[in-house]
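The values are calculated or read from the model by the stated rules, or taken from the named source; none is laboratory data. Since we're looking at a predicted model, the values are computed, not measured. Cβ sites come from the backbone with ideal geometry, for glycine too, and all protein chains shown count toward neighbours. Side chains are part of the model used for accessible areas, which takes the heavy atoms of the whole protein and leaves out ligands, DNA and RNA. Shrake-Rupley method; radii C 1.70, N 1.55, O 1.52, S 1.80 Å.
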Amino acid sequence: MLSPSTASYDRGDKFKYYRQIPSLQEYVLVDSESNSVEIYRRREGKMWLCNFYEAGEAIALESIEFECPMELLYEGVTFEV
(Lines give C-alpha, C1' and ligand atoms only; values in the text may rest on other atoms or scores of the structure.)
Protein backbone atom coordinates (compact mmCIF):
# COMPACT_ATOMS: atom_id res chain seq x y z
CA MET A 1 0.00 0.00 0.00
CA LEU A 2 1.39 3.36 -1.03
CA SER A 3 0.90 6.03 1.65
CA PRO A 4 1.99 9.69 1.66
CA SER A 5 4.57 9.03 4.37
CA THR A 6 6.29 6.17 2.48
CA ALA A 7 5.67 7.05 -1.20
CA SER A 8 9.12 8.45 -1.96
CA TYR A 9 10.85 5.52 -0.21
CA ASP A 10 8.61 2.97 -1.99
CA ARG A 11 9.40 4.48 -5.40
CA GLY A 12 13.06 5.12 -4.59
CA ASP A 13 15.32 3.11 -2.29
CA LYS A 14 12.84 0.30 -1.63
CA PHE A 15 12.30 -0.25 -5.36
CA LYS A 16 16.08 -0.12 -5.88
CA TYR A 17 16.50 -2.98 -3.39
CA TYR A 18 13.69 -5.04 -4.91
CA ARG A 19 15.15 -4.62 -8.42
CA GLN A 20 18.20 -6.59 -7.20
CA ILE A 21 16.04 -9.70 -6.77
CA PRO A 22 16.56 -11.60 -10.07
CA SER A 23 13.24 -13.45 -9.89
CA LEU A 24 11.13 -10.33 -9.27
CA GLN A 25 9.08 -9.63 -12.40
CA GLU A 26 6.58 -7.01 -11.19
CA TYR A 27 6.50 -4.38 -8.46
CA VAL A 28 3.03 -3.08 -7.57
CA LEU A 29 2.19 0.15 -5.74
CA VAL A 30 -1.44 0.57 -4.69
CA ASP A 31 -2.29 4.14 -3.69
CA SER A 32 -4.07 4.40 -0.34
CA GLU A 33 -5.44 7.90 -0.98
CA SER A 34 -6.72 7.67 -4.54
CA ASN A 35 -8.00 5.09 -6.98
CA SER A 36 -4.67 4.49 -8.71
CA VAL A 37 -2.10 1.72 -9.09
CA GLU A 38 1.43 1.69 -10.54
CA ILE A 39 2.87 -1.55 -11.85
CA TYR A 40 6.56 -1.74 -12.73
CA ARG A 41 7.49 -4.66 -15.00
CA ARG A 42 10.95 -6.04 -15.63
CA ARG A 43 12.03 -5.99 -19.26
CA GLU A 44 15.35 -6.89 -20.89
CA GLY A 45 18.48 -6.13 -18.93
CA LYS A 46 17.98 -3.44 -16.32
CA MET A 47 14.98 -1.91 -18.04
CA TRP A 48 11.65 -1.55 -16.18
CA LEU A 49 8.37 -0.44 -17.73
CA CYS A 50 5.79 1.41 -15.61
CA ASN A 51 2.04 1.27 -16.26
CA PHE A 52 -0.43 3.50 -14.44
CA TYR A 53 -4.01 2.39 -13.80
CA GLU A 54 -7.00 4.47 -12.71
CA ALA A 55 -10.71 4.01 -11.97
CA GLY A 56 -12.57 2.17 -14.72
CA GLU A 57 -9.56 0.12 -15.76
CA ALA A 58 -8.37 -3.35 -14.82
CA ILE A 59 -4.90 -4.10 -13.50
CA ALA A 60 -3.00 -6.99 -15.01
CA LEU A 61 -0.17 -8.92 -13.40
CA GLU A 62 1.53 -10.69 -16.29
CA SER A 63 3.83 -12.78 -14.09
CA ILE A 64 0.93 -14.69 -12.53
CA GLU A 65 -1.66 -14.23 -15.30
CA PHE A 66 -3.98 -12.24 -13.02
CA GLU A 67 -6.44 -9.51 -13.92
CA CYS A 68 -8.62 -7.47 -11.56
CA PRO A 69 -10.92 -4.49 -12.13
CA MET A 70 -9.91 -1.42 -10.13
CA GLU A 71 -13.44 -1.27 -8.68
CA LEU A 72 -12.94 -4.69 -7.09
CA LEU A 73 -9.50 -3.79 -5.79
CA TYR A 74 -10.92 -0.73 -4.01
CA GLU A 75 -14.26 -2.28 -3.02
CA GLY A 76 -15.46 -0.82 0.28
CA VAL A 77 -12.84 1.94 0.29
CA THR A 78 -13.99 5.53 0.76
CA PHE A 79 -11.54 8.32 -0.01
CA GLU A 80 -11.48 11.56 1.93
CA VAL A 81 -12.03 14.69 -0.12
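Using beta carbons and a limit of 8 Å, which pairs, at least six apart or on different chains, have the first residue in the range 67-81 and in contact (Cβ under 8 Å) with a residue 24 or more places away in the chain and the second one open to solvent by less than 100 Å² (accessible area, probe 1.4 Å) and not in a loop (DSSP other than H, G, I, E, B)?
Cβ pairs passing all conditions: Met70/Val37; Met70/Tyr53; Met70/Ala58; Met70/Ile59; Leu73/Val30; Leu73/Val37; Leu73/Ile59.
How many residues does the range 42-59 contain that are at pLDDT 95 or above, surrounded by 11 or more Cβ atoms within 10 Å (Cβ to Cβ) and either part of a loop (DSSP other than H, G, I, E, B) or in contact with a Cys (Cβ under 8 Å, 6 or more places away or on another chain) (or both)?
3
So, Arg11, is that one in contact with a strand residue (DSSP E or B) (Cβ under 8 Å, 6 or more places away or on another chain), open to solvent by less than 70 Å² (accessible area, probe 1.4 Å) and free of Cβ contacts under 8 Å to residues at least 40 places away in the same chain or not?
Answer is no for this residue.
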